[in-house]
1. What's the total number of residues in the range 177-199 that are hydrophobic (A, V, I, L, M, F, W, C) and in contact with a Lys or Arg (Cβ under 9 Å, 6 or more places away or on another chain)?
2. Working only within the range 148-165, note down all residues that are β-branched (Val, Ile, Thr) and open to solvent by 60 Å² or more (accessible area, probe 1.4 Å).
3. Of the numbered conditions (1) assigned to a loop (DSSP other than H, G, I, E, B); (2) at pLDDT 95 or above; (3) not charged (D, E, K, R), residue 217 satisfies every one except a single condition; which is it?
4. With the requirement that a residue be modelled with pLDDT under 95 and either touching a Leu at 6+ places or on another chain (Cβ under 6 Å) or among the polar types (S, T, N, Q) (or both), what does the range 111-134 give you?
5. Looking at 443, 426, 433, 471, can you tell me which residue is surrounded by fewer than 17 Cβ atoms within 10 Å (Cβ to Cβ) and touching an Asp or Glu at 6+ places or on another chain (Cβ under 6 Å)?
6. Every residue in the range 479-499 that is closer than 18 Å to residue 453 by Cα and open to solvent by 40 Å² or more (accessible area, probe 1.4 Å), please.
7. If I filter the range 77-130 down to residues being of a type in the set (Gly, Ala, Ser) and within 30 Å of residue 467 (Cβ to Cβ), which single residue comes out as surrounded by the most Cβ atoms within 10 Å (Cβ to Cβ)?
8. For residue 459, only one of the following conditions fails: (1) assigned to a loop (DSSP other than H, G, I, E, B); (2) of a type in the set (Lys, Arg); (3) open to solvent by less than 20 Å² (accessible area, probe 1.4 Å). What is its number?
Amino acid sequence: MTSTEQTPFYITTAISYPNGVPHIGHAYEVIATDAMARFKRLDGFDVFFLTGTDEHGQKMLQTAQKQGISPRELAQRNSDSFQQMNDELGISYDRFIRTTDPDHIDAAQEIWRRMEANGDVYLDKYAGWYSVRDEAYYSEEDTELREDGVRYATETDTPVTWTEEESYFFRLSAYQDKLLEHYRNAPDFGAPRSRFNEVIRFVERGLEDLSISRTTFDWGVPVPGNADHVMYVWVDALTNYLTGTGFPDTTSASFKKYWPADVHVIGKDISRFHAIYWPAFLMSAGLELPGRVMIHGFLHNNGVKMSKSLGNVIAPAEFVDQYGLDSIRYFFLREVPFGADGSYSHDAIVGRMNADLSNNLGNLAQRSLSMVKKNCDSQVPAPGEFTAADQQILDAAAALLPIVRDHFERQEFSRALEAVWNVLGDANAYFADQQPWVLRKTDEPRMRTVLYVTLEVVRRVALLVQPVMPDASSRLLDVLGQADGAARVFTAFDEPLESGSDLPEPAPIFPRYEVPAEV
Ligand code: ME8
């Protein structure tokens, strides 16, 4: 298949605010999106994966002022640490976009012009309770005056100040019915359903027009035709998904190929921006809507919210150093049903590493491969006729690809991995029942069949876990003698393991987690 014949698949993460360094929540989102992107590549799609940083807005400006540097410097510094985190996490992004990139400024101004040309942008005055932290205005009833004399946005606990300014507005109120109609026609537009339902109920209550420009500061994309205003950061930020495809050049090959995006992966705090504002902006601009907004939950440290003041914000690199990258990737995707909130703790991570990775997968691979090395001349043994027990476990492993694909299609990573590990559990039971180490003395041909069947199950598992654990699965495929390239993509899944092929020296892939020695 040549690349032009492949079906395109365009996936994005949220772009992070680089007003600080990345934390585990950011890592979680890029890891999940990366697993999805890798799955689609292995499944034959022409994938474009966009991630990056959201650099404008008052929050960036205020943080920079506090640090005595320019917002551009702050953005540069922290954007670099986000990019570094991506590299440390093995994220296979195709472009790291920054909203200060010149092509993005063009894109943001063009979507504005299109919305204006459609009659959806007008100039008026805005007065309201503004939260700098949330970059959002709140109505009086959504705020409360607390004992410290400061007024807060009730929902987000952030301080608000009374702000009045001339502002451009977007006629969001005109899109209520169109949005609801879209939600009816595309029931998978938002996921998971419970989080999408919250969005729908919000729209059903009615939408107010949205203030989309600011005059009190200038760290943003200038509004076309009125240099006194910069765009509200969310108009600018959401447009990054278009910039990534080559917009405003709608005739470009990449725009034609990749727009509309297939999946936007985002966290639960920004679902309204993505499932309400974004489709409304796109409808107004005469552009197609993305296929799906996948809303994940928040990760908490030992069940406690991460916050700088609690000192429990963990740098992703620290995690990787302690447990290893693939273990972390596996843990996050297996432990927390994507969409739900989740928690991580040392014990939970070590539990998964030792039980799932080391015992269930690592040991099975290592035990069968060492027997093959000693007893089969380091070659994939030739099986005899399969018994019912052989056939049952082979069939269960062969059935995994469509099951896993189905779960990935809905970003149900934990369910995909659960299905794989169920088969691994059965494979371990099969290996223990068949006792190939006894067969070695009593029935060598039968031993070879059992070893062949086990290697075949491990091969299929190794193929399927590549998107989640790229490095470990690659080493596992190495010891199974599967060369890089055609043998490692999903079209190889149904091709049976070839007997007689040489196997390299087996090496343990998933060591048990041992408490590091005190220094
Ligand atoms: O929201 N657990 O940027 P951001 C899981 N710039 N996910 C978390 C999390 C946690 N504890 N904390 C944050 C922004 N996230 C905007 C996005 S998109 C056009 C603009 C997620 O740096 C959060 O939900 O605050 C979001 O999806 C992403 O990390 C970036 O958050």
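1. 4
2. 154, 161
3. Going through the list (1) assigned to a loop (DSSP other than H, G, I, E, B); (2) at pLDDT 95 or above; (3) not charged (D, E, K, R), residue 217 breaks only (2).
4. 131
5. 471
6. Across the range 479-499, the qualifying residues are 494, 495, 496, 498, 499.
7. Among those residues, the one meeting the criterion is 107.
8. So residue 459 meets the others, but not (1).
The values are calculated or read from the model by the stated rules, or taken from the named source; none is laboratory data. Keep in mind the model is a prediction, meaning the values are calculated, not measured. Heads up, the Cβs are rebuilt from the backbone with ideal geometry, glycines too, and the neighbour counts pull from every protein chain shown. Surface accessibility is based on the protein's heavy atoms, side chains included, excluding ligands, DNA and RNA. Shrake-Rupley method; radii C 1.70, N 1.55, O 1.52, S 1.80 Å.
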